[in-house]
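**Q** Here it is: the structure, laid out below.
Where a number appears in this text, it was derived from the coordinates with a stated rule and is not lab data. Model, not experiment: these values are computed from the prediction. Because the Cβ atoms are built from the backbone with ideal geometry, glycine has one as well, and the counts that use them run over all protein chains shown.
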Amino acid sequence: MKIFFDTCALAEFLCDRIQADYVNRILEWADKTRSVCVISPASFYTLSYVIDVHYKKLGLDKDLRVKKSRSTFNAILSSFELSETNENIINRGTNNPLFTDLEDSFQYESAVKYGCDVLLTINISDFANCNKSKIEIITPIDFVNKYL
């Protein structure tokens, strides 16, 4: 199984938010079953900001935040495959009338192009209008209940 992690799903885990334990269980299951975890390269931009804000709230100084962020990104790079993001994907995402949030449209188009079976997201309503025959859209909680 190929599982695409929307930026918000990975941020949930990295910032220890409400569904972090569910995302962790999915990552452990994926490792055991040799399922493929996928993330868009574009997610790194948003995650770098979100993680830095999270570390600031924890009171970490800039040098430690950068060190921890590098460690986090190296872990992601060793555990996730990067989906393709190119001009065609950006064009399809930009012009997909089913989305009002273009970032979600880019994520969706990238996941579909990469052949993912599942798109894991916290914001399921952002994908309400997309073509679900191409990919299953599911929250971490629902994924755990359905597959684990």
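**Q** Mind listing the long-range amide H neighbours of E81? Cut-off is under 5 Å, sequence gap 5 or more, other chains count too, H placed in the peptide plane at 1.01 Å from N.
**A** C37, V38, I39
**Q** Ok, one more. Counting residues in the stretch 33-103 as N, plug N into 2.2 N^0.38 Å and put the Cα Rg over that result.
**A** Relative to the rule-of-thumb radius for its length, the stretch 33-103 sits at 1.39.
**Q** Quick one: Cα centre-to-centre distance for the stretch 1-28 and the stretch 57-81, in angstrom?
**A** If you average the Cα positions of each part, the centres end up 16 Å apart.
**Q** Moving on to the next point. Using only the alpha carbons, work out the radius of gyration and Dmax of the chain in angstrom.
**A** 15.1, 46
**Q** Another question, then. I'd like to know which of F99, G59, S110 lies farthest towards the positive end of the charge dipole of the stretch 50-111, counting +1 on Cβ of Lys and Arg and -1 on Cβ of Asp and Glu.
**A** G59
**Q** Show me, bin by bin at 10 Å from 0, the whole-percent P(r) of the stretch 1-40 based on Cα pairs.
**A** Reading the bins upward from 0: 33, 56, 11.
**Q** How far apart, in nm, are the 7 Å Cα→Cβ label points at F73 and F44?
**A** 0.6 nm
**Q** Would you please give the residues with an amide H less than 5 Å from that of V118, counting only those at least 5 places away or on a separate chain, with H modeled from the backbone geometry?
**A** Correct list: K2, F4, E136.
**Q** In addition: For a quick size check, give me the Cα extents of the stretch 97-148 along its three principal axes, largest first, whole Å.
**A** 33, 21, 16
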